[in-house]
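Values quoted throughout were computed directly from the atomic coordinates according to the rules given, and no laboratory measurement underlies them. Bear in mind that the values here come from a model prediction, so they are computed numbers and not experimental data. All Cβ positions, glycine included, derive from the backbone under ideal geometry; neighbour counts span all protein chains shown.
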Amino acid sequence: MRSIIRYIDAPLLLGLVLAVVAAGCSDDPSGNNGGDADTDADTDIDTDADTDTDSYLYGDPCAGEVEVDGIYWCRCDVGQSWNGEICEGNSKDFDWDSAWEICPEGYSMAHHIDFAALLGNCDVDFDDDYDMVTCDSCSQSASCISVFEDDPFGHYWTANGYESNSAWAVQLSSGEFFAYEMDYEDSVRCCRYE
């Protein structure tokens, strides 16, 4: 092998090495965003001749969307998949820092004001003077039921921090928002904004 390499010029050798490295690389379907687009015919967003089958490590929660006031809510929690009729699988819980990274590409954690708009009739505005806000329960709101029809009782992180080590979370069954410690694990419902 050493004698063959001696006769290959440097640019050609570099090109061969780069070709071998590139051939060994592929998209990563287990990543948070489902990997880069390619060209296969399987069920994920990738489209090459590889054998990956899931577009997203934690189910396909955004296969169905519900639009409410210009916000497109994923039909299911992270960890579940929408089958066209119901959410299948189990909701996954994440600490707040991990929750920031967990929504599929193009989606993000919903903000507290987005949840509050779904619930309606909140008793106070969100600001630093309050560590709890109460709105109507999800079961009292047609908008909330349209998004959370499978689980109007869930508990979710919001995208909003409260203090250095806490963030807002919402309990749909009571309509209450609490400031929880960020290392607490909770469910995530993703959405996208037009």
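Provide the gained length on full extension for the span VAL66 to GLU181, in nm with one decimal, where the gain is 0.36 nm per separating residue minus the Cα-Cα distance.
Difference between extended and current length: 38.4 nm.
Run the simple label-point estimate for SER173 and ILE113 please: 7 Å along Cα→C-beta, distance reported in nm.
About 3.0 nm, to one decimal.
Separation between the TYR130 and GLU88 pseudo-spin-labels, each 7 Å from Cα along Cα→Cβ, expressed in nm?
4.1
More than 20 angstrom separation, counting every C-alpha pair in segment 79-194; what % is that?
Counting pairs separated by more than 20 Å, the tail of P(r) holds 39 percent.
Any idea how far apart GLU163 and ILE145 come out in nm if each label point goes 7 Å out from Cα toward Cβ?
Roughly 3.8 nm, to one decimal.
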